[in-house]
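The block underneath contains the structure these notes are about, expressed in structure tokens.
Here, each number is a calculation from the coordinates, and none is a lab measurement. Keep in mind that what you see is a predicted model, and the values were worked out from it rather than measured. Glycine gets a Cβ as well: all are built from the backbone with ideal geometry, and neighbour counts include every protein chain shown.
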Amino acid sequence: MIVVESYPAAVVMCVITMLCWGSWANTQKLASREWRFQLFYWDYAIGVFLLALVLAFTLGSNGSGGRSFLADLRQADDGWLVSAFLGGVIFNLSNLLLVAAIDIAGMAVAFPVGVGLALCLGVVTTYLATREGDARRLALGVAAILIAIILDALAYRRLASSGQSTSVKGIVISVAAGLLMGWFYSFVARAIGHIDSATKVLEAGKLSPYTAIVLFSAGVLLSNFLWNSIMMIKPLTGAPVPFRDYFDKGNLRLHSIGVLGGVIWNIGMSFNIIASTAADPAVSYGLGQGATMIGALWGVFVWKEFQGAPRGTNKLLGAMFLFYLIGLGILVASRR
């Protein structure tokens, strides 16, 4: 398999993760103009899994480090396979809630609140699982990002005073998504074996990053039959979504948008996991979740979700972006 050994290269890959994780939801915004987000999400889950397979049989099966994908899959302990798969199941429920929050409150709220909270919890849980990274700096970075989350929530509340429709439900769902999303990464990180820097030998019984991504993505796709089916039958807003609409209302363009969204998101996830072999997993996850800032930028400047907000709101949004940048900078510097 291809192994990343350079820390600067790992940081670049985490920046790409940040761009992908912060931008994939634009595909949902585009598709939701024509059909419900639950229908979009079936194609999204397919895109996530397809990208994982492509990487496993290309980058994951070539190169001089570790084991090839199929060889790694055969030798893996069942417990670590289940751990990576469970990470996908947990993520999928949290991401569905995030998608629902985007549908209700927009990207500029759902990302800073939901994904920002997931960032904070994910850094903590990943650190506790791996004990890698400088704990004090990680704590400072998390504190700065929590301040940014609070500032964004305050800015969203100001929309109501300008006569625009706001929903407490959007904030609540974002928080629920963040609480769940903060746990999934540690299940995947624990399943990945250590690669000896001198011999390039991968720890026996555990998974290569590429195998972990496939098991994670399988968890996303298969759990979709449970989580998304519930979301269609008992949606958080609006009427139930008939399953036949996926075939009756879908067309090649709409399905392609959904698959593209899943591919973009999983490019980010894959780069993040692969980079974690050279960067501390907590740092890798935390920097990747800088997607909160990218998603908020899309929501504020492209989708104009705060257009017409009262005076002073822009200052709150500017402070939010500043604290996110400070927090992310501290996380990058927290590697031992």
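Inter-part distance, the range 181-220 to the range 9-42, computed on C-alpha centroids, equals 23 Å. Computed across the range 249-336, the Kirkwood hydrodynamic radius from all distinct Cα-Cα pairs reaches 15.5 Å. In summary, the helical segments of the chain meeting the span-like criteria, namely a full DSSP H run, a Cα extent along the axis of 15 angstrom or more and a mean Kyte-Doolittle hydropathy of at least -1.0, are 7-23, 37-57, 78-105, 116-130, 135-161, 168-191, 209-233, 252-275, 313-332. Taking amide hydrogens as placed 1.01 Å from N in the peptide plane, the amide H of Ile192 sits under 5 Å from those of Leu207, each at least 5 positions away in sequence or on another chain.
At a threshold of 8 angstrom on Cα-Cα distance, excluding pairs fewer than six apart, so keeping six or more, what relative contact order does the chain reach in percent? Normalised by residue count, the contact order of the chain is 39 percent. In the set [x] 34, 22, 19; [y] 32, 25, 15; [z] 31, 20, 20, the label that goes with semi-axes √(5λ) of the Cα gyration tensor in Å computed for this structure is [y]. Summing Cβ point charges (Lys, Arg +1; Asp, Glu -1) relative to the Cα centre of the chain gives a dipole of roughly 740 debye. Each Cα pair under 8 Å and six or more residues apart adds its sequence gap; the mean of these over the residue count of the range 178-332 is a relative contact order of 18 percent. Dividing the mean sequence gap of close Cα pairs (under 8 Å, 6+ apart) by how many residues the range 17-155 holds gives a relative contact order of 20 percent. Considering only Gly288, Met320, Ala110, and ranking their Cα positions along the charge dipole of the chain that arises from unit charges at the beta-carbon of Lys, Arg, Asp and Glu, the one farthest toward the positive end is Met320.
Calculated mean residue ellipticity at 222 nm for the chain: -23500 deg cm²/dmol, from DSSP H runs with n ≥ 4 weighted as -39500 (n - 2.57), summed, divided by the residue count and rounded to 500.
Between Trp35, Asn272, Val332, whose Cα lies farthest towards the positive end of the dipole of the chain when Lys and Arg beta carbons carry +1 and Asp and Glu beta carbons carry -1, centred on the Cα centre? Of the options given, the answer is Trp35.
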